[in-house]
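Written below as structure tokens is the structure these notes are about.
The values are calculated or read from the model by the stated rules, or taken from the named source; none is laboratory data. The shown structure was predicted, so the numbers you read here are calculated from the model rather than taken from an experiment. No Cβ is skipped: glycine too gets one built from the backbone with ideal geometry, and neighbour counts run over all protein chains shown.
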Amino acid sequence: MKKILITGSSGFIGSYFINKYKAKYQIEIFSFRSGDINTLDFAGIGVVFHLSALVHQMGGASKEEYEKVNIIQTLELAKKAKEQGIKQFVFMSTVKVYGEETNSKYTENTICNPEDDYGKSKLEAELELQKLEDENFKISIVRTPIVYGFGVKANIKNFITLVNKISVLPFGKIENKRSMVYIGNLCHLVDEVISQKKSGIFLASDNEPLSTTKLCELIAKNLEKKVYLVKIPFFESLLKIVKPSFHKRLYGSLEIDNSITKEKLNLKNPYSVEEGIKLMIKGKD
């Protein structure tokens, strides 16, 4: 049984991965908050799965905070892992390295142009990690859009609460395209990267993007809630002025084409978008 060290194990992705694959891998955990990296023992470990990060903060975090956690800590861990003979380092990154919402599709080969400090810190970590790679130390980078599933927090949780509480919503006929990834599909991709010992850039995504309208309809369906979606004249224009960040999330597009990843791993997502949304609401997987 392969032994894996996971950081950020108590988070949304880490908790799911451990529960799903605890019978397949012998899993050790490490926390930067409570552990001392200088005494970290890599004995018998073949893979490091690095999830620990300072994620995008709506309230804002300083550039120095992002750099400390996402770059300095990551490289400290990777260098120590390499010194002790670890064969593979799997780094969880983000599509924020590409930039923000766009009407074109992001692919594995899209030129990166991050706009915020979070995206910049993740890209810098990617670039520095790749410098450490050699034939004995594989670097595997997984870029994700919004990850959803049972227990998800932040924007998706707020959206579910909104749909559950309000029967008439101004989200009718929104035709944006936003790629997301169900946590089961993401962890399946990571499992394949580890099992196949593949290095490089991997892009995670469900098979199809959703519009805000379609997402709302699927959530309402699985909540067994009757919701009326209407299109209100000038609502979009007003929102763009009053709350541009909300406008971007509700009306902006961020579409992913991860054909290269799928071909490289011979990957098939085990869950459809509809199944993912159902599992997010019902909590069974």
Selection status of Leu132, touching a Phe, Trp or Tyr at 6+ places or on another chain (Cβ under 9 Å), surrounded by fewer than 20 Cβ atoms within 10 Å (Cβ to Cβ) and modelled with pLDDT of 95 or more: yes
Residues of the stretch 244-285 that turn out to be assigned to a loop (DSSP other than H, G, I, E, B) and either charged (D, E, K, R) or surrounded by 12 or more Cβ atoms within 10 Å (Cβ to Cβ) (or both), as a count: 12
Test: residue in the stretch 32-43 that is assigned to a loop (DSSP other than H, G, I, E, B), among the aromatic types (Phe, Trp, Tyr) and free of Cβ contacts under 8 Å to residues at least 60 places away in the same chain: yes
Residue among Ile219, Ile232, Ile241, Ile194 that alone is surrounded by fewer than 18 Cβ atoms within 10 Å (Cβ to Cβ) and in a helix (DSSP H, G or I): Ile241
Top-ranked residue in the stretch 197-216 [being in a helix (DSSP H, G or I) and free of Cβ contacts under 8 Å to residues at least 60 places away in the same chain; ranked as nearest to Asn158 (Cα to Cα)]: Cys216
Inter-residue pairs, beta-carbon under 6 Å, first free of Cβ contacts under 8 Å to residues at least 40 places away in the same chain and in a strand (DSSP E or B) and in the stretch 16-31, second surrounded by fewer than 15 Cβ atoms within 10 Å (Cβ to Cβ) and among the polar types (S, T, N, Q), 6+ apart: none
The stretch 229-244, residues that are of a type outside the set (Ser, Thr, Tyr) and more than 27 Å from the chain's Cα centre (by Cα): Leu229, Val230, Lys231, Ile232, Pro233, Phe234, Phe235, Glu236, Leu238, Ile241, Val242
Test for Glu175: is it free of Cβ contacts under 8 Å to residues at least 24 places away in the same chain, in a loop (DSSP other than H, G, I, E, B) and surrounded by fewer than 14 Cβ atoms within 10 Å (Cβ to Cβ): no
Selection from the stretch 121-138 of residues that are in contact (Cβ under 8 Å) with a residue 24 or more places away in the chain and in a loop (DSSP other than H, G, I, E, B): Glu133, Asn136
Residue check, Ile111 crowded, with 18+ Cβ neighbours inside 10 Å, over 20 Å from Val193 (Cα atoms) and more than 18 Å from the chain's Cα centre (by Cα): no
